[in-house]
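What follows is a set of notes on a single structure, which appears directly below.
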Protein chains: 2
Amino acid sequence: MAVTTPHQPQPAAGIEPAAGIDAQEAAQSSPAHARKRYRDGLVVPTTGWAAGFTQTNLVTLPRDWAFDMLLFGQRNPQPVPLLDVTEPGATSSVLAPDADLRTDLPLYRVWRYGELVDEPTDVTDLWRGDLVTFLIGCSFSFETALMDAGVPLRNLEQGRNVSMYRTNVECRPAGRLSGPLVVSMRPIPSRQIVTAVQVTGRMPQVHGAPVHIGAPEALGIADLSAPDFGDPVDIQDGDVPVFWACGVTPQAALMASRPPFAITHAPGHMLLTDIPDSVYRQP
Amino acid sequence: MAVTTPHQPQPAAGIEPAAGIDAQEAAQSSPAHARKRYRDGLVVPTTGWAAGFTQTNLVTLPRDWAFDMLLFGQRNPQPVPLLDVTEPGATSSVLAPDADLRTDLPLYRVWRYGELVDEPTDVTDLWRGDLVTFLIGCSFSFETALMDAGVPLRNLEQGRNVSMYRTNVECRPAGRLSGPLVVSMRPIPSRQIVTAVQVTGRMPQVHGAPVHIGAPEALGIADLSAPDFGDPVDIQDGDVPVFWACGVTPQAALMASRPPFAITHAPGHMLLTDIPDSVYRQP
(Lines give C-alpha, C1' and ligand atoms only; values in the text may rest on other atoms or scores of the structure.)
Protein backbone atom coordinates (compact mmCIF):
# COMPACT_ATOMS: atom_id res chain seq x y z
CA MET A 1 0.00 0.00 0.00
CA ALA A 2 1.27 3.45 -0.78
CA VAL A 3 2.43 5.46 2.19
CA THR A 4 0.28 8.55 2.07
CA THR A 5 0.69 11.82 3.89
CA PRO A 6 -1.47 12.02 6.96
CA HIS A 7 -3.28 15.11 5.82
CA GLN A 8 -4.22 14.15 2.31
CA PRO A 9 -7.03 12.05 0.94
CA GLN A 10 -7.15 9.35 -1.69
CA PRO A 11 -3.65 8.49 -2.85
CA ALA A 12 -3.46 8.47 -6.62
CA ALA A 13 -4.59 5.07 -7.85
CA GLY A 14 -1.74 2.85 -8.85
CA ILE A 15 0.98 5.09 -7.46
CA GLU A 16 3.32 3.05 -5.28
CA PRO A 17 6.66 4.00 -3.76
CA ALA A 18 9.32 3.32 -6.33
CA ALA A 19 11.26 0.14 -5.76
CA GLY A 20 14.72 0.67 -4.37
CA ILE A 21 13.93 3.77 -2.31
CA ASP A 22 15.46 3.29 1.10
CA ALA A 23 13.52 4.99 3.90
CA GLN A 24 16.65 6.20 5.60
CA GLU A 25 18.05 7.58 2.35
CA ALA A 26 14.77 9.41 1.78
CA ALA A 27 14.73 10.87 5.29
CA GLN A 28 18.33 12.00 5.09
CA SER A 29 18.14 13.54 1.63
CA SER A 30 18.19 17.31 1.41
CA PRO A 31 15.07 19.01 0.07
CA ALA A 32 17.03 20.01 -3.05
CA HIS A 33 18.18 16.43 -3.65
CA ALA A 34 14.66 15.07 -3.18
CA ARG A 35 13.22 17.66 -5.58
CA LYS A 36 15.81 16.69 -8.19
CA ARG A 37 14.80 13.04 -7.87
CA TYR A 38 11.16 13.97 -8.43
CA ARG A 39 12.04 16.31 -11.28
CA ASP A 40 13.98 13.48 -12.88
CA GLY A 41 10.88 11.31 -12.84
CA LEU A 42 10.56 9.63 -9.45
CA VAL A 43 6.91 9.43 -8.43
CA VAL A 44 6.53 8.73 -4.70
CA PRO A 45 4.59 10.18 -1.82
CA THR A 46 6.81 12.70 -0.05
CA THR A 47 6.08 11.58 3.48
CA GLY A 48 9.29 10.70 5.25
CA TRP A 49 11.49 12.58 2.79
CA ALA A 50 13.92 15.30 3.92
CA ALA A 51 13.08 14.93 7.58
CA GLY A 52 12.81 18.19 9.50
CA PHE A 53 11.93 20.33 6.49
CA THR A 54 8.50 21.80 5.87
CA GLN A 55 6.32 20.31 3.16
CA THR A 56 3.41 22.29 1.75
CA ASN A 57 0.15 21.86 -0.10
CA LEU A 58 0.10 23.59 -3.49
CA VAL A 59 -2.83 25.34 -5.16
CA THR A 60 -2.31 27.23 -8.43
CA LEU A 61 -5.06 29.42 -9.87
CA PRO A 62 -5.45 32.06 -12.57
CA ARG A 63 -4.95 35.64 -11.37
CA ASP A 64 -8.67 36.24 -11.86
CA TRP A 65 -9.40 33.75 -9.05
CA ALA A 66 -6.30 34.43 -6.99
CA PHE A 67 -7.82 37.34 -5.07
CA ASP A 68 -10.65 35.08 -3.97
CA MET A 69 -8.24 32.36 -2.78
CA LEU A 70 -5.97 34.87 -1.03
CA LEU A 71 -9.02 36.29 0.72
CA PHE A 72 -10.26 32.78 1.53
CA GLY A 73 -6.94 32.12 3.26
CA GLN A 74 -7.00 35.46 5.09
CA ARG A 75 -10.48 34.69 6.37
CA ASN A 76 -9.87 31.04 7.19
CA PRO A 77 -6.32 30.93 8.51
CA GLN A 78 -6.68 27.71 10.48
CA PRO A 79 -7.58 25.45 7.53
CA VAL A 80 -5.74 27.60 4.95
CA PRO A 81 -2.48 28.86 6.47
CA LEU A 82 -0.72 30.63 3.60
CA LEU A 83 3.02 30.19 3.93
CA ASP A 84 3.72 31.87 0.60
CA VAL A 85 1.82 33.30 -2.36
CA THR A 86 3.69 33.97 -5.61
CA GLU A 87 3.48 36.76 -8.13
CA PRO A 88 1.45 35.86 -11.25
CA GLY A 89 3.45 33.61 -13.55
CA ALA A 90 6.21 32.90 -11.04
CA THR A 91 7.70 29.41 -11.16
CA SER A 92 9.48 29.49 -7.79
CA SER A 93 8.84 30.55 -4.21
CA VAL A 94 10.89 32.13 -1.44
CA LEU A 95 10.30 28.91 0.50
CA ALA A 96 12.40 26.99 -2.04
CA PRO A 97 14.14 29.48 -4.35
CA ASP A 98 15.84 26.83 -6.47
CA ALA A 99 12.71 24.73 -6.93
CA ASP A 100 10.65 24.82 -10.11
CA LEU A 101 7.02 24.70 -9.07
CA ARG A 102 6.08 23.15 -12.44
CA THR A 103 8.32 20.10 -12.22
CA ASP A 104 9.61 19.54 -8.69
CA LEU A 105 6.59 17.92 -7.09
CA PRO A 106 6.33 14.20 -7.76
CA LEU A 107 2.73 14.40 -8.98
CA TYR A 108 0.14 17.05 -9.75
CA ARG A 109 -3.58 17.21 -10.29
CA VAL A 110 -5.28 19.34 -12.93
CA TRP A 111 -8.82 20.59 -12.34
CA ARG A 112 -11.29 22.16 -14.75
CA TYR A 113 -14.53 23.56 -13.36
CA GLY A 114 -14.02 21.61 -10.16
CA GLU A 115 -13.48 18.27 -11.90
CA LEU A 116 -10.23 16.32 -11.77
CA VAL A 117 -9.13 15.93 -15.40
CA ASP A 118 -5.49 14.82 -15.25
CA GLU A 119 -2.72 13.72 -12.92
CA PRO A 120 0.62 14.56 -14.59
CA THR A 121 4.18 14.56 -13.23
CA ASP A 122 5.02 17.86 -14.90
CA VAL A 123 2.78 20.87 -15.59
CA THR A 124 5.20 22.98 -17.60
CA ASP A 125 3.02 22.82 -20.70
CA LEU A 126 -0.01 24.02 -18.71
CA TRP A 127 1.77 26.97 -17.09
CA ARG A 128 0.58 30.46 -17.94
CA GLY A 129 1.72 33.96 -17.15
CA ASP A 130 -1.37 34.63 -15.05
CA LEU A 131 -1.05 31.68 -12.65
CA VAL A 132 -0.64 32.44 -8.95
CA THR A 133 0.58 29.69 -6.63
CA PHE A 134 -0.46 29.29 -3.00
CA LEU A 135 1.76 27.23 -0.70
CA ILE A 136 -0.23 26.13 2.31
CA GLY A 137 1.04 24.70 5.59
CA CYS A 138 0.43 21.03 6.31
CA SER A 139 0.21 18.94 9.43
CA PHE A 140 3.53 17.12 8.99
CA SER A 141 5.22 19.81 11.03
CA PHE A 142 2.91 19.48 14.00
CA GLU A 143 2.85 15.67 13.86
CA THR A 144 6.60 15.66 14.30
CA ALA A 145 6.20 18.03 17.23
CA LEU A 146 3.50 15.81 18.78
CA MET A 147 5.74 12.77 18.52
CA ASP A 148 8.63 14.75 20.02
CA ALA A 149 6.33 15.52 22.97
CA GLY A 150 5.51 11.84 23.42
CA VAL A 151 1.96 12.00 22.06
CA PRO A 152 1.21 8.79 20.12
CA LEU A 153 -0.19 9.03 16.59
CA ARG A 154 -2.57 6.11 16.17
CA ASN A 155 -2.79 6.40 12.39
CA LEU A 156 0.97 5.95 12.08
CA GLU A 157 0.93 3.07 14.58
CA GLN A 158 -1.79 1.44 12.50
CA GLY A 159 -0.08 2.17 9.18
CA ARG A 160 -3.03 4.17 7.95
CA ASN A 161 -3.74 7.57 6.51
CA VAL A 162 -5.32 9.99 8.98
CA SER A 163 -9.16 10.15 8.99
CA MET A 164 -10.65 13.30 7.48
CA TYR A 165 -14.24 14.53 7.49
CA ARG A 166 -16.32 17.24 5.93
CA THR A 167 -18.03 19.15 8.73
CA ASN A 168 -21.24 21.12 9.06
CA VAL A 169 -19.08 24.20 9.69
CA GLU A 170 -18.96 26.48 6.67
CA CYS A 171 -15.77 28.36 6.02
CA ARG A 172 -16.19 32.10 5.77
CA PRO A 173 -16.76 32.59 2.00
CA ALA A 174 -14.49 34.86 -0.05
CA GLY A 175 -15.77 36.16 -3.36
CA ARG A 176 -16.74 33.11 -5.41
CA LEU A 177 -15.04 30.63 -3.08
CA SER A 178 -16.94 28.78 -0.39
CA GLY A 179 -17.04 25.33 1.10
CA PRO A 180 -17.10 23.30 4.29
CA LEU A 181 -14.36 23.12 6.88
CA VAL A 182 -12.60 19.78 6.51
CA VAL A 183 -11.01 18.38 9.67
CA SER A 184 -8.53 15.64 10.40
CA MET A 185 -9.06 13.46 13.48
CA ARG A 186 -6.41 11.96 15.70
CA PRO A 187 -7.32 9.75 18.67
CA ILE A 188 -5.37 11.14 21.64
CA PRO A 189 -5.04 9.50 25.06
CA SER A 190 -7.12 11.67 27.37
CA ARG A 191 -4.23 12.42 29.73
CA GLN A 192 -2.25 13.84 26.79
CA ILE A 193 -4.88 16.14 25.30
CA VAL A 194 -3.55 19.16 27.16
CA THR A 195 -0.09 18.51 25.76
CA ALA A 196 -1.51 18.07 22.25
CA VAL A 197 -3.33 21.41 22.51
CA GLN A 198 -0.26 23.19 23.83
CA VAL A 199 2.12 21.74 21.24
CA THR A 200 -0.08 22.40 18.22
CA GLY A 201 -1.33 25.75 19.57
CA ARG A 202 2.22 27.00 19.24
CA MET A 203 2.18 26.21 15.50
CA PRO A 204 -0.60 28.36 14.03
CA GLN A 205 0.94 28.34 10.55
CA VAL A 206 0.49 24.58 10.28
CA HIS A 207 -3.17 24.53 11.40
CA GLY A 208 -2.55 25.33 15.07
CA ALA A 209 -4.62 24.17 18.02
CA PRO A 210 -7.51 21.72 17.60
CA VAL A 211 -10.83 23.15 16.41
CA HIS A 212 -12.78 20.62 18.47
CA ILE A 213 -12.26 17.95 21.12
CA GLY A 214 -14.46 15.01 21.94
CA ALA A 215 -17.90 15.32 20.34
CA PRO A 216 -17.89 14.55 16.61
CA GLU A 217 -21.66 15.11 16.39
CA ALA A 218 -21.06 18.78 17.19
CA LEU A 219 -19.29 19.01 13.83
CA GLY A 220 -21.98 17.02 12.05
CA ILE A 221 -19.85 13.88 11.90
CA ALA A 222 -22.20 10.91 12.34
CA ASP A 223 -19.77 8.01 12.10
CA LEU A 224 -16.06 8.27 12.91
CA SER A 225 -15.44 4.93 11.22
CA ALA A 226 -16.57 6.32 7.86
CA PRO A 227 -14.26 9.22 7.05
CA ASP A 228 -14.85 11.28 3.91
CA PHE A 229 -11.13 11.16 3.06
CA GLY A 230 -8.29 8.96 4.23
CA ASP A 231 -8.62 5.78 6.27
CA PRO A 232 -10.63 4.80 9.33
CA VAL A 233 -8.36 4.78 12.39
CA ASP A 234 -9.14 2.63 15.43
CA ILE A 235 -9.73 4.54 18.65
CA GLN A 236 -8.23 2.77 21.66
CA ASP A 237 -9.63 2.65 25.19
CA GLY A 238 -8.98 5.96 26.89
CA ASP A 239 -8.51 7.82 23.60
CA VAL A 240 -10.58 10.89 22.79
CA PRO A 241 -11.10 12.04 19.18
CA VAL A 242 -9.41 15.38 18.62
CA PHE A 243 -10.08 17.41 15.47
CA TRP A 244 -7.78 19.81 13.65
CA ALA A 245 -8.49 22.09 10.68
CA CYS A 246 -7.26 20.29 7.58
CA GLY A 247 -5.39 21.38 4.45
CA VAL A 248 -7.92 19.53 2.31
CA THR A 249 -10.30 22.43 2.99
CA PRO A 250 -9.11 24.57 0.04
CA GLN A 251 -9.43 21.59 -2.31
CA ALA A 252 -13.00 21.09 -1.07
CA ALA A 253 -13.63 24.77 -1.83
CA LEU A 254 -12.23 24.33 -5.35
CA MET A 255 -14.51 21.35 -5.92
CA ALA A 256 -17.51 23.28 -4.62
CA SER A 257 -16.77 26.58 -6.33
CA ARG A 258 -15.54 25.27 -9.69
CA PRO A 259 -12.99 27.73 -11.03
CA PRO A 260 -12.35 27.10 -14.74
CA PHE A 261 -8.78 25.95 -14.14
CA ALA A 262 -6.62 24.94 -11.20
CA ILE A 263 -3.54 22.87 -10.49
CA THR A 264 -2.86 21.26 -7.12
CA HIS A 265 -0.36 18.75 -5.78
CA ALA A 266 -1.63 15.17 -5.89
CA PRO A 267 -2.54 13.97 -2.42
CA GLY A 268 0.57 12.98 -0.52
CA HIS A 269 2.90 14.42 -3.16
CA MET A 270 3.81 17.73 -1.58
CA LEU A 271 6.30 20.51 -2.27
CA LEU A 272 9.46 20.02 -0.21
CA THR A 273 10.65 23.44 0.93
CA ASP A 274 14.02 24.54 2.30
CA ILE A 275 12.41 25.84 5.51
CA PRO A 276 13.05 23.87 8.72
CA ASP A 277 9.91 22.84 10.59
CA SER A 278 11.26 24.64 13.65
CA VAL A 279 10.66 27.99 11.94
CA TYR A 280 6.92 27.43 12.37
CA ARG A 281 7.13 26.62 16.08
CA GLN A 282 6.51 29.66 18.22
CA PRO A 283 8.91 30.02 21.13
CA MET B 1 -2.69 69.89 21.58
CA ALA B 2 -4.64 67.11 19.99
CA VAL B 3 -4.31 63.73 21.62
CA THR B 4 -3.15 61.48 18.80
CA THR B 5 -2.95 57.75 18.63
CA PRO B 6 0.50 56.48 19.43
CA HIS B 7 0.91 54.69 16.14
CA GLN B 8 -0.09 57.36 13.71
CA PRO B 9 1.79 60.34 12.34
CA GLN B 10 0.88 63.95 11.84
CA PRO B 11 -2.50 64.68 13.36
CA ALA B 12 -4.69 66.58 10.98
CA ALA B 13 -3.87 70.26 11.29
CA GLY B 14 -6.38 72.19 13.29
CA ILE B 15 -8.26 69.13 14.57
CA GLU B 16 -8.72 69.40 18.31
CA PRO B 17 -10.77 67.27 20.67
CA ALA B 18 -14.27 68.68 20.66
CA ALA B 19 -15.08 70.79 23.66
CA GLY B 20 -17.28 69.07 26.18
CA ILE B 21 -15.98 65.54 25.62
CA ASP B 22 -15.33 64.01 28.98
CA ALA B 23 -12.47 61.48 28.99
CA GLN B 24 -14.34 59.08 31.24
CA GLU B 25 -17.47 59.29 29.09
CA ALA B 26 -15.35 58.56 26.02
CA ALA B 27 -13.64 55.58 27.63
CA GLN B 28 -16.92 54.13 28.87
CA SER B 29 -18.88 54.58 25.65
CA SER B 30 -19.62 51.47 23.63
CA PRO B 31 -18.01 51.20 20.20
CA ALA B 32 -21.48 51.60 18.63
CA HIS B 33 -22.19 54.76 20.64
CA ALA B 34 -18.82 56.22 19.74
CA ARG B 35 -19.33 55.47 16.05
CA LYS B 36 -22.73 57.17 16.15
CA ARG B 37 -21.16 60.28 17.65
CA TYR B 38 -18.59 60.38 14.84
CA ARG B 39 -21.22 59.65 12.21
CA ASP B 40 -23.24 62.56 13.60
CA GLY B 41 -20.32 64.88 13.04
CA LEU B 42 -17.98 64.68 16.01
CA VAL B 43 -14.36 64.92 14.83
CA VAL B 44 -11.94 63.75 17.52
CA PRO B 45 -8.99 61.39 17.72
CA THR B 46 -10.27 58.01 18.85
CA THR B 47 -7.58 57.33 21.41
CA GLY B 48 -9.14 56.67 24.79
CA TRP B 49 -12.59 55.90 23.36
CA ALA B 50 -14.42 52.63 24.06
CA ALA B 51 -11.68 51.27 26.30
CA GLY B 52 -10.92 47.59 25.82
CA PHE B 53 -12.16 47.41 22.22
CA THR B 54 -9.88 47.03 19.23
CA GLN B 55 -9.30 49.99 16.96
CA THR B 56 -7.97 49.49 13.45
CA ASN B 57 -6.20 51.29 10.67
CA LEU B 58 -8.25 51.54 7.46
CA VAL B 59 -7.00 51.35 3.88
CA THR B 60 -9.50 51.28 0.98
CA LEU B 61 -8.32 50.57 -2.56
CA PRO B 62 -9.87 49.72 -5.93
CA ARG B 63 -10.21 46.00 -6.63
CA ASP B 64 -7.50 46.33 -9.26
CA TRP B 65 -4.99 47.15 -6.50
CA ALA B 66 -6.55 45.04 -3.77
CA PHE B 67 -4.72 41.86 -4.73
CA ASP B 68 -1.42 43.69 -4.36
CA MET B 69 -2.34 45.02 -0.92
CA LEU B 70 -3.68 41.67 0.24
CA LEU B 71 -0.43 40.06 -0.90
CA PHE B 72 1.59 42.86 0.74
CA GLY B 73 -0.13 42.03 4.02
CA GLN B 74 0.38 38.27 3.58
CA ARG B 75 4.08 38.85 2.96
CA ASN B 76 4.59 41.46 5.67
CA PRO B 77 2.37 40.33 8.53
CA GLN B 78 4.24 42.16 11.27
CA PRO B 79 3.75 45.69 9.90
CA VAL B 80 0.50 44.85 8.07
CA PRO B 81 -1.58 42.48 10.23
CA LEU B 82 -4.84 42.13 8.33
CA LEU B 83 -7.70 41.75 10.79
CA ASP B 84 -10.35 41.85 8.05
CA VAL B 85 -10.60 42.42 4.31
CA THR B 86 -13.99 43.17 2.77
CA GLU B 87 -15.61 42.07 -0.46
CA PRO B 88 -15.47 44.71 -3.21
CA GLY B 89 -18.02 47.45 -2.60
CA ALA B 90 -18.83 46.35 0.95
CA THR B 91 -19.59 49.14 3.42
CA SER B 92 -19.25 47.12 6.62
CA SER B 93 -16.97 44.54 8.20
CA VAL B 94 -17.43 41.49 10.40
CA LEU B 95 -15.37 43.35 13.00
CA ALA B 96 -18.18 45.91 13.34
CA PRO B 97 -21.26 44.64 11.47
CA ASP B 98 -23.39 47.69 12.25
CA ALA B 99 -20.73 50.20 11.31
CA ASP B 100 -20.75 52.05 8.01
CA LEU B 101 -17.16 52.23 6.82
CA ARG B 102 -17.96 55.37 4.79
CA THR B 103 -19.22 57.49 7.67
CA ASP B 104 -18.31 56.01 11.04
CA LEU B 105 -14.69 57.09 11.33
CA PRO B 106 -14.26 60.63 12.58
CA LEU B 107 -11.98 61.66 9.74
CA TYR B 108 -10.64 60.18 6.49
CA ARG B 109 -7.88 60.93 4.06
CA VAL B 110 -8.23 60.70 0.28
CA TRP B 111 -5.18 59.91 -1.85
CA ARG B 112 -4.67 60.18 -5.60
CA TYR B 113 -1.46 58.80 -7.10
CA GLY B 114 0.16 58.79 -3.66
CA GLU B 115 -0.70 62.43 -2.90
CA LEU B 116 -3.02 63.51 -0.09
CA VAL B 117 -5.83 65.46 -1.77
CA ASP B 118 -8.60 65.76 0.83
CA GLU B 119 -9.47 65.09 4.46
CA PRO B 120 -13.27 64.64 4.70
CA THR B 121 -15.47 63.40 7.53
CA ASP B 122 -17.58 61.27 5.19
CA VAL B 123 -16.55 59.41 2.03
CA THR B 124 -19.99 58.23 0.90
CA ASP B 125 -19.83 60.26 -2.29
CA LEU B 126 -16.45 58.73 -3.16
CA TRP B 127 -17.49 55.12 -2.59
CA ARG B 128 -17.52 52.76 -5.55
CA GLY B 129 -18.58 49.19 -6.14
CA ASP B 130 -14.98 48.09 -6.69
CA LEU B 131 -13.51 49.38 -3.42
CA VAL B 132 -11.97 46.81 -1.08
CA THR B 133 -11.30 47.81 2.54
CA PHE B 134 -8.42 46.52 4.64
CA LEU B 135 -8.69 46.77 8.42
CA ILE B 136 -5.25 46.53 9.97
CA GLY B 137 -4.32 45.91 13.59
CA CYS B 138 -2.85 48.79 15.59
CA SER B 139 -0.66 49.04 18.63
CA PHE B 140 -3.37 50.27 21.01
CA SER B 141 -4.08 46.70 21.96
CA PHE B 142 -0.53 45.88 22.93
CA GLU B 143 0.04 49.20 24.69
CA THR B 144 -2.84 48.38 26.99
CA ALA B 145 -1.29 44.96 27.60
CA LEU B 146 2.12 46.52 28.31
CA MET B 147 0.59 48.88 30.86
CA ASP B 148 -1.31 45.98 32.43
CA ALA B 149 2.07 44.24 32.84
CA GLY B 150 3.58 47.29 34.55
CA VAL B 151 5.74 48.40 31.63
CA PRO B 152 5.82 52.22 31.52
CA LEU B 153 5.05 54.00 28.24
CA ARG B 154 7.26 57.08 28.15
CA ASN B 155 5.36 58.74 25.30
CA LEU B 156 2.16 58.70 27.32
CA GLU B 157 3.99 59.89 30.45
CA GLN B 158 5.38 62.77 28.41
CA GLY B 159 2.06 63.53 26.68
CA ARG B 160 3.53 62.91 23.27
CA ASN B 161 2.83 60.83 20.23
CA VAL B 162 5.08 57.80 19.85
CA SER B 163 8.22 58.27 17.71
CA MET B 164 8.15 56.58 14.31
CA TYR B 165 10.94 56.11 11.78
CA ARG B 166 11.41 54.91 8.23
CA THR B 167 14.04 52.17 8.28
CA ASN B 168 16.56 50.84 5.79
CA VAL B 169 14.63 47.56 5.84
CA GLU B 170 12.55 47.08 2.71
CA CYS B 171 9.25 45.29 3.03
CA ARG B 172 8.88 42.29 0.78
CA PRO B 173 7.24 43.81 -2.34
CA ALA B 174 3.91 42.55 -3.64
CA GLY B 175 2.96 43.29 -7.23
CA ARG B 176 3.15 47.06 -7.64
CA LEU B 177 3.39 47.76 -3.89
CA SER B 178 6.70 48.29 -2.15
CA GLY B 179 8.13 50.51 0.53
CA PRO B 180 10.22 50.67 3.68
CA LEU B 181 9.38 49.10 7.00
CA VAL B 182 8.23 51.85 9.35
CA VAL B 183 8.84 51.23 13.06
CA SER B 184 7.62 52.78 16.25
CA MET B 185 10.04 53.20 19.15
CA ARG B 186 9.29 52.95 22.85
CA PRO B 187 11.98 53.51 25.48
CA ILE B 188 11.72 50.53 27.84
CA PRO B 189 13.55 50.17 31.18
CA SER B 190 16.19 47.51 30.57
CA ARG B 191 14.94 45.25 33.35
CA GLN B 192 11.49 45.17 31.70
CA ILE B 193 12.53 44.37 28.12
CA VAL B 194 11.96 40.65 28.60
CA THR B 195 8.42 41.35 29.82
CA ALA B 196 7.79 43.69 26.88
CA VAL B 197 8.93 41.00 24.41
CA GLN B 198 6.80 38.34 26.07
CA VAL B 199 3.66 40.48 26.30
CA THR B 200 3.76 41.77 22.73
CA GLY B 201 5.01 38.45 21.31
CA ARG B 202 1.68 36.97 22.35
CA MET B 203 -0.17 39.52 20.18
CA PRO B 204 1.02 38.88 16.60
CA GLN B 205 -2.15 40.38 15.10
CA VAL B 206 -1.32 43.77 16.55
CA HIS B 207 2.33 43.85 15.37
CA GLY B 208 3.66 41.24 17.81
CA ALA B 209 7.15 41.10 19.27
CA PRO B 210 9.70 43.86 18.67
CA VAL B 211 11.60 43.79 15.38
CA HIS B 212 14.71 45.24 17.00
CA ILE B 213 16.12 46.12 20.42
CA GLY B 214 18.83 48.56 21.25
CA ALA B 215 20.77 49.66 18.17
CA PRO B 216 18.87 52.17 16.02
CA GLU B 217 21.77 52.42 13.58
CA ALA B 218 21.15 48.79 12.61
CA LEU B 219 17.83 49.96 11.15
CA GLY B 220 19.41 52.98 9.48
CA ILE B 221 18.07 55.39 12.10
CA ALA B 222 20.70 58.08 12.62
CA ASP B 223 19.02 60.29 15.21
CA LEU B 224 16.35 59.06 17.61
CA SER B 225 15.45 62.64 18.47
CA ALA B 226 14.37 63.31 14.88
CA PRO B 227 11.56 60.86 14.12
CA ASP B 228 10.05 60.77 10.64
CA PHE B 229 6.53 60.69 12.11
CA GLY B 230 5.15 61.52 15.53
CA ASP B 231 7.00 63.27 18.33
CA PRO B 232 10.48 62.92 19.83
CA VAL B 233 10.24 61.05 23.13
CA ASP B 234 12.84 61.49 25.88
CA ILE B 235 14.77 58.37 26.79
CA GLN B 236 15.43 58.14 30.54
CA ASP B 237 18.48 56.71 32.28
CA GLY B 238 18.35 52.93 32.10
CA ASP B 239 15.91 52.90 29.17
CA VAL B 240 16.71 51.02 25.97
CA PRO B 241 15.03 51.93 22.66
CA VAL B 242 12.79 49.08 21.52
CA PHE B 243 11.34 49.01 17.99
CA TRP B 244 8.09 47.49 16.78
CA ALA B 245 6.72 47.15 13.25
CA CYS B 246 4.30 50.01 12.69
CA GLY B 247 0.92 50.33 11.01
CA VAL B 248 2.14 53.39 9.13
CA THR B 249 4.03 50.97 6.87
CA PRO B 250 1.12 50.41 4.43
CA GLN B 251 0.59 54.18 4.15
CA ALA B 252 4.29 54.56 3.33
CA ALA B 253 3.83 51.91 0.64
CA LEU B 254 0.84 53.81 -0.79
CA MET B 255 2.88 57.01 -0.92
CA ALA B 256 5.78 55.19 -2.60
CA SER B 257 3.72 53.12 -5.02
CA ARG B 258 1.09 55.69 -6.00
CA PRO B 259 -2.12 53.84 -6.75
CA PRO B 260 -4.55 56.13 -8.62
CA PHE B 261 -7.01 56.23 -5.73
CA ALA B 262 -7.06 55.29 -2.07
CA ILE B 263 -8.89 56.20 1.10
CA THR B 264 -7.38 55.81 4.57
CA HIS B 265 -8.36 56.87 8.05
CA ALA B 266 -6.83 60.17 9.10
CA PRO B 267 -4.00 59.64 11.58
CA GLY B 268 -5.40 59.01 15.03
CA HIS B 269 -8.96 58.71 13.76
CA MET B 270 -9.39 54.95 13.68
CA LEU B 271 -12.26 52.53 13.16
CA LEU B 272 -13.70 51.41 16.49
CA THR B 273 -14.58 47.73 16.21
CA ASP B 274 -16.81 45.56 18.39
CA ILE B 275 -13.94 43.12 19.05
CA PRO B 276 -12.44 43.11 22.57
CA ASP B 277 -8.66 43.57 22.67
CA SER B 278 -8.41 40.30 24.56
CA VAL B 279 -9.36 38.39 21.41
CA TYR B 280 -5.96 39.25 19.98
CA ARG B 281 -4.01 38.09 23.03
CA GLN B 282 -2.82 34.52 22.64
CA PRO B 283 -3.29 32.39 25.75
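The values are calculated or read from the model by the stated rules, or taken from the named source; none is laboratory data. Small disclaimer: the values here were computed from a predicted structure and weren't measured. FYI the Cβ positions are ideal-geometry reconstructions off the backbone, even for glycines, and counts take in every protein chain you see. Ligands, DNA and RNA are excluded from the accessible area calculation, which covers all protein heavy atoms including side chains. Shrake-Rupley method; radii C 1.70, N 1.55, O 1.52, S 1.80 Å.
Here are some conditions: (1) open to solvent by 10 Å² or more (accessible area, probe 1.4 Å); (2) under 30 Å from residue A:177 (Cβ atoms). Residue B:120 meets all but one. Which one does it not meet?
(2)
Taking residue A:27, is it open to solvent by less than 70 Å² (accessible area, probe 1.4 Å) and part of a loop (DSSP other than H, G, I, E, B)?
no
All but one of (1) among the charged types (D, E, K, R); (2) touching a helix residue (DSSP H, G or I) at 6+ places or on another chain (Cβ under 6 Å); (3) open to solvent by less than 20 Å² (accessible area, probe 1.4 Å) hold for residue A:130, so report the exception by its number.
Every listed condition holds for residue A:130 apart from (3).
Within region B:264-275, is there a residue that is acidic (Asp, Glu) and not assigned by TED's automatic domain parsing to the domain that holds residue B:88?
Scanning region B:264-275 turns up no residue that is acidic (Asp, Glu) and not assigned by TED's automatic domain parsing to the domain that holds residue B:88.
Kindly establish whether residue B:256 is in contact (Cβ under 8 Å) with a residue 12 or more places away in the chain and either crowded, with 20+ Cβ neighbours inside 10 Å or among the acidic types (Asp, Glu) (or both).
It is false that residue B:256 is in contact (Cβ under 8 Å) with a residue 12 or more places away in the chain and either crowded, with 20+ Cβ neighbours inside 10 Å or among the acidic types (Asp, Glu) (or both).
Take the conditions part of a loop (DSSP other than H, G, I, E, B) and either within 14 Å of chain B (Cβ to nearest Cβ) or not aromatic (Phe, Trp, Tyr) (or both) and apply them to residue A:55. Does it pass?
no
Just one of the numbered conditions (1) more than 30 Å from residue B:121 (Cα to Cα); (2) open to solvent by less than 10 Å² (accessible area, probe 1.4 Å); (3) of a type in the set (S, T, N, Q) is not true of residue B:282; which one?
Unmet condition: (2).
Please enumerate the residues belonging to region A:198-224 that are open to solvent by less than 50 Å² (accessible area, probe 1.4 Å), out of contact with any helix residue (DSSP H, G or I) (no Cβ under 9 Å at 6 or more places or on another chain) and within 12 Å of chain B (Cβ to nearest Cβ).
Once the filter is applied, which keeps residues that are open to solvent by less than 50 Å² (accessible area, probe 1.4 Å), out of contact with any helix residue (DSSP H, G or I) (no Cβ under 9 Å at 6 or more places or on another chain) and within 12 Å of chain B (Cβ to nearest Cβ), region A:198-224 yields only A:201.
To keep it simple, each residue is scored yes or no on (1) among the β-branched types (Val, Ile, Thr); (2) at positive phi.
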{"site": "B:41", "(1), (2)": "no, yes"}
{"site": "B:44", "(1), (2)": "yes, no"}
{"site": "B:48", "(1), (2)": "no, yes"}
{"site": "B:53", "(1), (2)": "no, no"}
{"site": "B:59", "(1), (2)": "yes, no"}
{"site": "B:66", "(1), (2)": "no, no"}
{"site": "B:107", "(1), (2)": "no, no"}
{"site": "B:113", "(1), (2)": "no, yes"}
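Results for (1) away from every other protein chain (no Cβ under 14 Å); (2) open to solvent by 10 Å² or more (accessible area, probe 1.4 Å); (3) touching a Lys or Arg at 6+ places or on another chain (Cβ under 8 Å); (4) not polar (S, T, N, Q), shown as yes or no for each residue.
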residue: B:80; (1), (2), (3), (4): no, no, no, yes
residue: B:83; (1), (2), (3), (4): no, yes, no, yes
residue: B:87; (1), (2), (3), (4): no, yes, no, yes
residue: B:90; (1), (2), (3), (4): no, yes, no, yes
residue: B:102; (1), (2), (3), (4): yes, yes, no, yes
residue: B:112; (1), (2), (3), (4): yes, yes, no, yes
